[in-house]
Each structure stands twice: as C-alpha cells, then as structure tokens.
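The structure appears below as structure tokens.
Each value in this text was obtained by applying a stated rule to the coordinates, not by laboratory testing. Keep in mind that this is a model prediction, so the values were computed, not measured. FYI the Cβ positions are ideal-geometry reconstructions off the backbone, even for glycines, and counts take in every protein chain you see.
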Amino acid sequence: MHVNKSAGFTLIELVIGIIVFSIALVMFTSLIVPQAIKSVDPIFQVRAAELGQSMINEIASKSFDENSDRTGGSNFCMTNCTSIAYLGPDGETRESFDDVDDYNGLTVSDDQIKNALDQTTVLAGSNLYQGFSVNVRVVYDANMDGIADTIVGNTKLITVTVTTPNDEDIIFSTFRSNY
C-alpha cells in the first residue's frame, strides 16, 4: 500500500523562517544604511573645499588694509593700519570690499553664497551650495602662530570656516602680509 505524503511547510516552519529572515534583514539594513548615508560626506567635503578655496582666493587677492596703496605702489600702512577694534567692512558691501579685513565677520549661507559675478552657483537647476554656510574671520597675527594678536601688526590671519549640510566644519586659513 502506498501512502501519499504532501510536500510543503508547516505553519511553525513558516513562522520560524519569517523570524530568521526578519533578523537577517534587520542586521543587513543596520550595516548598509549608515554606509549609504555616509556616502554623501565626500561630495559635501569636495564642495566645501571648492567653496573654501574660492573664498580664500577672493579675500587674499584684496589689499592688505584700507590704508594701503591699491595701485601696487610702495605705500604700506605702517603706523596707520586699521585698529583691531575696526576690522570689518568700512561701510562697503561684499561687492565693493577692497581690503582683507572687510571680510571679517562675513557670514553667508544657502542663496547668499555667490560667485565672483554675484550669481548663485546652480547645478542641474538647484543651488550647488544649498545647506552650506561660510564664516570668515580676519585677525592680526604678526608672529604667525594662529592666535590673534592684541596689537596691530604686519600680517593678518584669514580663516574661512565652511559648514556642510551635515554640520561638519571644514576650516581653511592663510596669511596675508603687508607688502
């Protein structure tokens, strides 16, 4: 006599299979999802580097001080450089900044971040620097130790801090001397 045995899974086997699959899926996603989120970090860092270097170039290309010769002559501000208390814009807007310390205290973000033509940088119809912010600090630092001096000197430290959309601060700095 021949007994017909049906092939298949019991309800208990199905429940155990679902539980094992769920545990495996949770472990898999807990490993993969954080990596996917972190994969955007290098893109933000590259954009921050481009933005920071661009700001450093723009600022360092300006005259050392309001009282310096802007025509390439030999008039340096020796005794009449801007005092520490007055570092910052001298009534100008960013488009008319003419010396390094005019940028002191400049903070821009999102659509306020502009290129040299005073235009927002757009890629595929969206702002390339949406979510980014830039903060500029200019101080006297004659001995180039990275610490602000308490007296007027012949070297200024320019520090540009770019904050990415994921709140990572990337700091760029350079010195500009009175020559």
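What the table shows:
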item: Asp149, Asp141 arranged by Cβ crowding within 10 Å, fewest neighbours leading; result: Asp149, Asp141
item: Difference of contour (0.36 nm per residue) and Cα-Cα distance, Met144 to Thr120; result: 5.2 nm
item: Segment 94-171: C-alpha gyration tensor shape, a/c 1.5 cut-off, then a/b vs b/c; result: oblate
item: Extension reserve of the Ser96-Ile23 stretch, reckoned as 0.36 nm per residue once the Cα distance is removed; result: 20.1 nm
item: Fewest-first sequence of Phe44, Phe28 by Cβ atoms within 10 Å of each Cβ; result: Phe28, Phe44
item: Net lengthening on full extension, Asn154/Val46 (0.36 nm per residue, minus Cα-Cα); result: 35.6 nm
item: Listed residues Ile19, Ile147, Ile84, most fluctuating in the chain (Gaussian network, C-alpha, under 10 Å); result: Ile19
